[in-house]
Amino acid sequence: MKIIYSEMKGCVICREYHNVDTVEVTDTEIFKDKEVTFQAIYEYCPITDLYWETEDMIRRNSLAMKDAYRQKVSLLTSGDITEIRD
């Protein structure tokens, strides 16, 4: 787990006001019958030792997982498609 930044705010999990970390972790999921590993972003509560995702994080992590799948099966990633279009 790599801490990207820490912010003092109300925690969604424990309902306390404390430093909530935004972290990057290596995540492994099964997508279309393939195991893929990718970097995911979560908010982390050090008091409860739990992770959660905001809506933006859900979208970003979903794209990261799908790009990892595309790379694994030799398809163009979203970044590749953007470069081609440019």
Burial order of peptide ranges 14-23, 62-71 (average beta-carbon count within 10 Å, highest first): 62-71, 14-23
Spherically averaged projected area in nm², based on the convex hull that wraps the Cα atoms of the chain: 6.8 nm²
The chain: relative contact order as a whole-number percent, Cα under 8 Å and 6+ apart: 20 percent
Whole-Hz ³J(HN,Hα) from phi, Karplus 6.51 cos²θ - 1.76 cosθ + 1.60, for segment 44-50, glycine and proline x: 10, 9, x, 6, 9, 6, 10
Per-residue [θ]222 nm for the chain (sum of -39500 (n - 2.57) over DSSP H runs n ≥ 4, rounded to 500): -9500 deg cm²/dmol
Rounded Å value of the spacing that divides the Cα centres of segment 55-86 and segment 5-22: 29 Å
In sequence order, calculated HN-Hα J values of segment 60-72 (Karplus, 6.51, -1.76, 1.60; Hz; x Gly/Pro): 5, 5, 5, 5, 4, 5, 5, 5, 5, 5, 4, 5, 5
Pairwise Lys count, the chain - Cα closer than 30 Å, eight or more residues apart or different chains: 8
Cut-off under 5 Å, modelled amide H: who pairs with C14 long-range: none
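Values quoted throughout were computed directly from the atomic coordinates according to the rules given, and no laboratory measurement underlies them. Computed from a prediction, not measured in an experiment: that's the story for all the values here. Glycine also receives a Cβ, built like all others from the backbone with ideal geometry; neighbour counts cover every protein chain displayed.
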